[in-house]
Amino acid sequence: MTLAYTITRYEELDEKLPTIEKYLQKIAYGNHVKILYALLEAVNNAFEHGTYTVKDVSITLSIKKIDKELYVEVLHNGYGFDYEQKLRLIGNPDNFFETYQTCIRGRGIAIMQKLADKIIYTDEGKKLTLTFKLE
């Protein structure tokens, strides 16, 4: 089963969260909290950085299980970014957190790197795929 939503406002995500959380609890066993946290970081980044100046915001969120992996995809219609440069800047997330431990902002991608088994940006940074291995 795949869950897929298109959202235009944070409130729409809030409405979907109980269904998303129930789905993750069912298929991700004890890992649902970290998956949900990474998903929220991804959607927050899309709203805050990708679509902040877009008039008609559209963020597509899909969650699908294939064999023993879960894929969370977040695609937005806003602006991309130089994700390769950002990933180089972060480097090892543990070292990044050590250096920037008192920063309140700017740690979302590093958090997602720690929570997911793999993160892949495509479409000029407009699409993010988070991969989680399931037991």
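The values are calculated or read from the model by the stated rules, or taken from the named source; none is laboratory data. Predicted model only: the values in this text are computed from it and were never measured. Methodologically, a virtual Cβ is constructed for each residue, glycine included, from the backbone with ideal geometry; neighbour enumeration extends over all protein chains shown.
Data table
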| quantity | calculated |
| --- | --- |
| Among the residues listed as 33, 54, 43, 72, the single one being surrounded by fewer than 18 Cβ atoms within 10 Å (Cβ to Cβ) and within 21 Å of residue 2 (Cα to Cα) | 33 |
| Failed condition for residue 57, given (1) more than 13 Å from residue 9 (Cα to Cα); (2) β-branched (Val, Ile, Thr); (3) out of contact with any strand residue (DSSP E or B) (no Cβ under 6 Å at 6 or more places or on another chain); (4) at pLDDT 90 or above | (1) |
| Verdict on residue 114 being out of contact with any Lys or Arg (no Cβ under 6 Å at 6 or more places or on another chain), over 26 Å from residue 9 (Cβ atoms), part of a helix (DSSP H, G or I) and among the basic types (Lys, Arg) | yes |
| Close pairs (6 angstrom Cβ cut-off, 6 or more residues apart or separate chains): buried (at least 16 other Cβ atoms within 10 Å of the Cβ) and modelled with pLDDT under 85 in region 91-112, in a helix (DSSP H, G or I) and small (Gly, Ala, Ser) anywhere | 93/110; 96/110 |
| Matching option when the condition is at pLDDT 95 or above and within 22 Å of residue 126 (Cβ to Cβ), among 24, 40 | 40 |
| Residue that is farthest from residue 70 (Cα to Cα), among those in region 25-57 that are under 14 Å from the mean Cα position of the chain (by Cα) and acidic (Asp, Glu) | 48 |
| Residue check, residue 122 surrounded by 12 or more Cβ atoms within 10 Å (Cβ to Cβ), at pLDDT 90 or above and of a type in the set (Ser, Thr, Tyr) | yes |
| Answer residue from region 20-39, given it is of a type in the set (A, V, I, L, M, F, W, C) and touching a residue at least 24 places away in the same chain (Cβ under 8 Å) and is farthest from residue 108 (Cα to Cα) among those | 27 |
| Filter result for residue 84 (assigned to a helix (DSSP H, G or I), more than 18 Å from residue 115 (Cβ to Cβ) and among the charged types (D, E, K, R)) | yes |
